[in-house]
Amino acid sequence: MRVAYLGPAGTHSEEALRASAPPNLEEIAYPTIYDAVMAVQDGTVDTAIVPIENALEGSVGVTLDTLVLDAKNVRIAAEVVHPIHHCAIAASELSLSEVERVVSHPQATAQCARFLREHMPHAEHVSAPSTADAVQSVCESADELTVALGSRLAAKLYDCHIVAENIEDHPDNETRFVWLARANAVREPGADAKTSVVFWGGGDESPGWLVDLLSELSTRGVNLTRIESRPRRTGLGHYMFFADLEGAAGTPPVSEALDALAGHVDELRVLGSYGLPLWLN
């Protein structure tokens, strides 16, 4: 089985993959999360593991947007929560007070914002496609005053020096990763399933529209564990709503609640019903 992940080698996505993957997988690194998701859509790979939500920075917008707007035949098949620990990594030994430049993925930079303000307040911040790409580029360059934010795995893979470790702003920093598969390849979830959906109206909803809609869940005893909005990219004020529900989409009372929701919205899609990967249950 071929699995896509955000590369290059040494990303937190690869760490999550290694921590939750079944045996005998062929790992295929992709330069962006979008490319990893679309590899499943196109059938280039069988599955992918991508981040969808971080404890400090919230949802990963590119994952949500790609699932809704471009990868309509892809579903969430499973989820894993993986602890995220960042290191400041340099090509050689370096004092934090000497650092002039910090390179990393924007999510990693944001998750370490307080540490960076306190220890490298004047350093320039440079964006990279992934944490591992940042580590690789810094360690292969001749710039001795630049650090990358990345994983201990990346530092080991690229033979770099760890200047500081566990620099994330909160010790309980975690990211929820989802395993993706094509819709026709997803298995039925286990007993402790959750369901992720996205829905939107036509843009002319009444003031109480969302409250009325969510009451279809509460009156049926369906627990809503997460909801957020994102722009639909069709104009200002037009939103799509992402929600997580306890229970499987094909089983009452969730199935009944979804049928009722469909009567209030222009579009309702189930992004997946899932739990832990079946090989970890």
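Whether any residue in the stretch 47-58 is outside any strand (DSSP E or B) and among the aliphatic types (A, V, I, L, M) is what I want to check.
Checking the stretch 47-58: at least one residue is outside any strand (DSSP E or B) and among the aliphatic types (A, V, I, L, M).
Condition first: farther than 14 Å from Val163 by Cβ and open to solvent by less than 10 Å² (accessible area, probe 1.4 Å). Now tell me which residues in the stretch 132-150 satisfy that.
If the condition is that a residue be farther than 14 Å from Val163 by Cβ and open to solvent by less than 10 Å² (accessible area, probe 1.4 Å), then Ala132 is the only one that fits.
If you scan the stretch 117-133, which residues turn out to be assigned to a helix (DSSP H, G or I), closer than 21 Å to Tyr158 by Cα and free of Cβ contacts under 8 Å to residues at least 60 places away in the same chain?
Here is the first cut: in the stretch 117-133, the residues assigned to a helix (DSSP H, G or I) are 117-119, 131-133.
Filter once more, keeping what is closer than 21 Å to Tyr158 by Cα: 131-133.
Selection gives nothing.
Farther than 23 Å from Leu149 by Cβ, more than 17 Å from the chain's Cα centre (by Cα) and open to solvent by less than 10 Å² (accessible area, probe 1.4 Å): which single residue out of Val37, Val45 fits that description?
So the residue among Val37, Val45 that is farther than 23 Å from Leu149 by Cβ, more than 17 Å from the chain's Cα centre (by Cα) and open to solvent by less than 10 Å² (accessible area, probe 1.4 Å) is Val45.
How many residues, within the stretch 97-116, are assigned to a helix (DSSP H, G or I), of a type in the set (A, V, I, L, M) and closer than 14 Å to Asp133 by Cα? Give the steps one after another, and end with the answer.
Filtering the stretch 97-116 down to residues assigned to a helix (DSSP H, G or I) leaves 97-98, 106-111, 113-116.
Among the residues that remain, those that are also of a type in the set (A, V, I, L, M) are: 108, 110, 113, 116.
Adding the requirement that they be closer than 14 Å to Asp133 by Cα leaves 108.
Residues flagged as assigned to a helix (DSSP H, G or I), of a type in the set (A, V, I, L, M) and closer than 14 Å to Asp133 by Cα within the stretch 97-116 amount to 1.
Quick one: what pairs do we get from the stretch 212-237, first residue farther than 17 Å from Ser273 by Cβ, second at pLDDT 90 or above and among the polar types (S, T, N, Q), C-beta under 7 Å, 6+ apart or different chains?
As it stands, the answer is Glu228/Ser59, since those pairs meet every condition given.
Just need a number here: residues in the stretch 151-192 that are over 21 Å from Glu15 (Cβ atoms), surrounded by 20 or more Cβ atoms within 10 Å (Cβ to Cβ) and of a type in the set (A, V, I, L, M).
Just the residues of the stretch 151-192 that are over 21 Å from Glu15 (Cβ atoms), to begin with: 182-192.
Checking which are surrounded by 20 or more Cβ atoms within 10 Å (Cβ to Cβ) leaves us with 189.
Now drop any that are not of a type in the set (A, V, I, L, M), which leaves none.
Number of matching residues: 0.
Can you tell me which of (1) open to solvent by 40 Å² or more (accessible area, probe 1.4 Å); (2) of a type in the set (Asp, Glu); (3) more than 25 Å from Val74 (Cα to Cα) is the one Glu228 doesn't meet?
Failing condition for Glu228: (3).
Within the stretch 16-29, which residues are over 13 Å from the mean Cα position of the chain (by Cα) and either over 16 Å from Val74 (Cβ atoms) or crowded, with 23+ Cβ neighbours inside 10 Å (or both)?
From the stretch 16-29, those over 13 Å from the mean Cα position of the chain (by Cα) are 18-29; that's our starting set.
The answer is Arg18, Ala19, Ser20, Ala21, Pro22, Pro23, Asn24, Leu25, Glu26, Glu27, Ala29.
Do you know which of the residues in the stretch 192-243 that are assigned to a loop (DSSP other than H, G, I, E, B), of a type outside the set (Ser, Thr, Tyr) and closer than 15 Å to Val254 by Cβ is modelled with the lowest pLDDT? Write out each step before concluding.
Step one: filter the stretch 192-243 for residues assigned to a loop (DSSP other than H, G, I, E, B), giving 192-193, 201-208, 219-223, 232-238.
Next, only the ones that are of a type outside the set (Ser, Thr, Tyr) stay: 192-193, 201-205, 207-208, 220-223, 232-233, 235-238.
Next cut, closer than 15 Å to Val254 by Cβ only: 192-193, 220-223.
Details: Asp192: 86, Ala193: 94, Arg220: 96, Gly221: 95, Val222: 96, Asn223: 96.
So the residue we want is Asp192.
The values are calculated or read from the model by the stated rules, or taken from the named source; none is laboratory data. Remember, predicted model here, so these are calculated numbers, not experimental data. Positions of Cβ are backbone-derived with ideal geometry, glycine not excepted, and every protein chain shown enters the neighbour counts. We work out accessible area using only protein heavy atoms, side chains counted, and drop any ligands, DNA or RNA first. Shrake-Rupley method; radii C 1.70, N 1.55, O 1.52, S 1.80 Å.
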